[in-house]
1. Only one of (1) more than 14 Å from chain B (Cβ to nearest Cβ); (2) touching a strand residue (DSSP E or B) at 6+ places or on another chain (Cβ under 7 Å); (3) not in a loop (DSSP other than H, G, I, E, B) is not met by A:A91, so which one is it?
2. Hey, any hits in segment A:102-111 for a residue that's crowded, with 20+ Cβ neighbours inside 10 Å, out of contact with any Asp or Glu (no Cβ under 7 Å at 6 or more places or on another chain), over 23 Å from B:L32 (Cα atoms) and within 12 Å of another protein chain (Cβ to nearest Cβ)?
3. Considering every residue within segment B:41-64, establish whether at least one is in a loop (DSSP other than H, G, I, E, B), facing chain A (nearest Cβ under 9 Å), among the charged types (D, E, K, R) and surrounded by fewer than 21 Cβ atoms within 10 Å (Cβ to Cβ).
4. Looking at (1) within 30 Å of B:T111 (Cβ to Cβ); (2) modelled with pLDDT of 95 or more; (3) of a type outside the set (V, I, T); (4) not in a strand (DSSP E or B), which is the only condition A:G16 fails?
5. Among the residues of segment B:19-40, what is the count of those that are surrounded by fewer than 18 Cβ atoms within 10 Å (Cβ to Cβ) and touching a Pro at 6+ places or on another chain (Cβ under 9 Å)?
6. Based on this model, can you work out whether B:L100 counts as assigned to a loop (DSSP other than H, G, I, E, B) and free of Cβ contacts under 8 Å to residues at least 12 places away in the same chain?
7. Suppose we filter segment A:57-84 for residues that are crowded, with 18+ Cβ neighbours inside 10 Å and either in contact with a helix residue (DSSP H, G or I) (Cβ under 9 Å, 6 or more places away or on another chain) or assigned to a loop (DSSP other than H, G, I, E, B) (or both); how many remain?
8. Scan segment A:39-55 and tell me whether some residue there is within 13 Å of chain B (Cβ to nearest Cβ), among the acidic types (D, E), in a loop (DSSP other than H, G, I, E, B) and in contact with a strand residue (DSSP E or B) (Cβ under 8 Å, 6 or more places away or on another chain).
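The values are calculated or read from the model by the stated rules, or taken from the named source; none is laboratory data. Keep in mind that what you see is a predicted model, and the values were worked out from it rather than measured. When we count neighbours, we look across all protein chains shown, and the Cβ atoms used for this are built from the backbone with ideal geometry, even at glycine.
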Amino acid sequence: KQEVTQIPAALSVPEGENLVLNCSFTDSAIYNLQWFRQDPGKGLTSLLLIQSSQREQTSGRLNASLDKSSGRSTLYIAASQPGDSATYLCAVRIQGQAGTALIFGKGTTLSVSS
Amino acid sequence: GAGVSQSPRYKVAKRGQDVALRCDPISGHVSLFWYQQALGQGPEFLTYFQNEAQLDKSGLPSDRFFAERPEGSVSTLKIQRTQQEDSAVYLCASSLGRHLATDTQYFGPGTRLTVL
């Protein structure tokens with residue numbers, strides 16, 4: 001059974017710091033891996049999607065890497081800002097019983113202070 | 001364009017009541033997913049539709065949970081005889097559903113269900 005783990009559970013940093021969020025998964029048979037952002041009381045916003053054949057994706061100050069063989073992904077946030085404060089969720093797309101599903105980690109709650 | 005919308009945004013139910021949660025996916029999206037998110041946890045998969053066909057309902061926690069998408073667009077998640085453990089945020093997501101490797105799911109704001 002696929003399990004996704006995110007470390008750390010919470011992180012507090014001062015504005016301007018670079019930081020790394022970690023995600024690990026137990027089964028390498030995935031279609032892709034996605035990083036999402038969730039603000040309190042709101043839904044999820046997709047940040048980056050890495051296909052299983054890819055190693056990394058970049059969007060602005062965000063860079064996500066994928067090492068499928070070791071079951072690991074990292075989300076790198078450069079020059080953090082208070083507006084980056086949110087919960088970041090990692091999810092892998094797997095083959096389910098008759099379709100596909102996203103399996104999520106519990107998230108890392110990030111707080112960036114000004 | 002319009003994103004995924006869900007209604008109601010908040011629902012309070014007394015234990016034993018039936019509730020119905022609605023999801024309006026992005027127009028043209030073939031795939032529709034329901035997830036349950038308990039406080040402090042990541043979303044957990046409930047069920048998946050491709051057009052009107054419910055292809056996977058393996059995540060539904062009990063036979064009190066029922067989902068439908070009769071015309072392949074709007075979907076309703078129904079919970080019968082609600083229990084306190086049903087309290088959670090219910091998220092709906094839709095996607096084009098064409099190429100799994102690149103298929104991005106777009107999420108609605110969720111319905112927060114509180115069962116008293």
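1. With respect to (1) more than 14 Å from chain B (Cβ to nearest Cβ); (2) touching a strand residue (DSSP E or B) at 6+ places or on another chain (Cβ under 7 Å); (3) not in a loop (DSSP other than H, G, I, E, B), A:A91 is out only on (1).
2. yes
3. yes
4. All conditions pass for A:G16, except number (1).
5. Total meeting the criteria: 1.
6. Criteria met by B:L100.
7. Number of matching residues: 4.
8. Checking segment A:39-55: at least one residue is within 13 Å of chain B (Cβ to nearest Cβ), among the acidic types (D, E), in a loop (DSSP other than H, G, I, E, B) and in contact with a strand residue (DSSP E or B) (Cβ under 8 Å, 6 or more places away or on another chain).
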